[in-house]
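The block underneath contains the structure these notes are about, expressed in structure tokens.
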């Protein structure tokens, strides 16, 4: 589409019409909606055109006069069937339709879909050969494990050429590009495949177009509609799916009057089928031999690259599995079973130490996937298909949960019916299925020990006595305590306690001595717990007060030592008498120390003490009032220091006195 639009721009300079290029993969959809209704000619891809036909309000194709389909056989294929049918529904029946392709279709079914009436065929090569005379076509026979070595040797011997290398899958293109890039062949390498975004594919296309010497690894996405001038070689590592695809691939070289060469690699298992199909299309291909002296084995280099690049190793696994899958998707006459190939040698040629997992082959054969299914899935809308799959999963999950609920209800109902049936029919004696089985009855109204047992002669309830159970244990069972703690017993029966004392419960009387003693014990425990809690709290408060006092004394001692360090030791050589500091210095020091002491004492326990060295004159002025209040509480401390005869303390006291006089 881009190439057609470029040609249309060159021709359109001499005419008066408007044209627009509409392709997918771009974000300018809103801008396109504003401009499309004013255009005379649209060059577009099927997906983007269908999007505008469905979502652009002012865009109408009722006045369409000419519909042109380039690469018509591909657009009419299964991959674009749904999109093309929806597009044709918006177009008028009265129009001119033109189909262009190097391999034109003549199927009546396809022509009827386009509403063609008495179509006319125009062919360039109707009487002559379909292939250009200046194209030299050759093929070589090689095993599957030797293909990468032959390709590497071919590239190394054609460094001054422009080459296009075709593979059948995107994974192979990505792997070979990554592998050869790590081996550095000495020529620019590029990759073009269908999983790339449209913008990236366009950049790679122009890069290869403007590079005189390069190698392009590509899938069949580059076999149609791309005009690469001056391509010297087209190498097909994997055989095409049919003769038409072969024609499109080799058509990338020998364009117009230029010359070109094509090389096809065939495995012995596929030589006969491929060559017969080419002969049916009157395509003559010459066989050539490989010079073994110029072939370089790359198995060791590939293993080294995979060991160095972990992402390349993952690509190798994907390329291996995708290649085997592509062999199973060939036409029925050309299907190659992976079992006939040397898979271990193939994995070694790709640098893999071990054979990848081949479990997918069993699933592939079990599901019987066809080429049409894979192609339809490849060209489907991935986002729409993802939404459909999620909706199906949600419906299946809801259906499963609903069925589980219904089954659970049926099971509960059946179990309930069985329980009711057992209760109704539970009249058998000693039956194993009885819901309640009565073993012996107890006479609660008898004043005797009450341990005699009688047979069940219609009594509604009997209580069994365990073997080896004593009389005292049997009697103690008669006392029942409910959840509220109230003693219950049958009137007229006797209650036996642990101490062996017996008491008779008469009518209207209930013995609660045991419960009263237990309630008293509970109250005593609660009282003792509260007393213990109060003692612990008092002890914690005393400990906290003691810690605070110790912290205050520690901070005070710290500042005292700091003040001594600031004033320095006593100068013995300074003459007679005690050397005092200047009044200004002593006053400032005293005020500063008093302020620091009061600030540190006022801090709570656990708070970090931050000392600031070299406080300025502003701090002395702010702490003047605090020094005055602090000095009144310090005479006793000064007297104690004088009694100890501490000379340093005398200096401190004199400095504080001077500070007070100055204030």
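For this structure, a couple of remarks:
- Extent along principal axes [Cα atoms of the stretch 381-428; Å; largest to smallest]: 71, 9, 5
- In plain terms, the chain from residue 9 to residue 286 could stretch by 95.6 nm, reckoned as 0.36 nm per residue minus the Cα-Cα distance.
- Estimated FRET transfer efficiency (residue 157, residue 104; beta-carbon r; R0 41 Å; 0.05): 0.60
- For the stretch 135-369, the convex hull spanned by the alpha carbon atoms encloses 130 Å³ per residue.
- When each of the peptides 210-219, 171-180, 93-102 is scored by the mean number of other C-beta atoms lying within 10 Å of its residues, the order from highest to lowest reads 171-180, 210-219, 93-102.
- Applying 1/(1 + (r/R0)^6) with r as the Cβ-Cβ distance of residue 411 and residue 391 and R0 = 22 angstrom yields a FRET efficiency of 0.10.
- Spin-label pair residue 136/residue 181, simplified geometry with 7 Å Cα→Cβ offset, distance in nm: 3.2 nm
- Separation in nanometres of the label points that stand 7 Å from Cα toward Cβ, at residue 118 and residue 337: 5.4 nm
- Expected-Rg normalisation [2.2 N^0.38 Å, Cα atoms] applied to the stretch 2-113: 1.09
- Each label point was placed 7 Å from the Cα along the Cα-to-Cβ direction; for residue 420 and residue 345 their separation is 7.8 nm.
- Estimated FRET transfer efficiency when R0 is 56 angstrom, pair residue 525-residue 401 (beta carbons, to 0.05): 0.60
- Between residue 310 and residue 355, the contour length at 0.36 nm per residue exceeds the Cα-Cα span by 14.5 nm.
- For the stretch 174-191 and the stretch 9-72, distance of Cα centres in Å: 38 Å
Taken together, the values in this text are just the output of simple stated rules run on the coordinates, not laboratory data. Predicted, not measured: the structure shown is a model, and the values here were computed from it. Backbone-built Cβ (ideal geometry, glycine too); neighbour counts: all protein chains shown.
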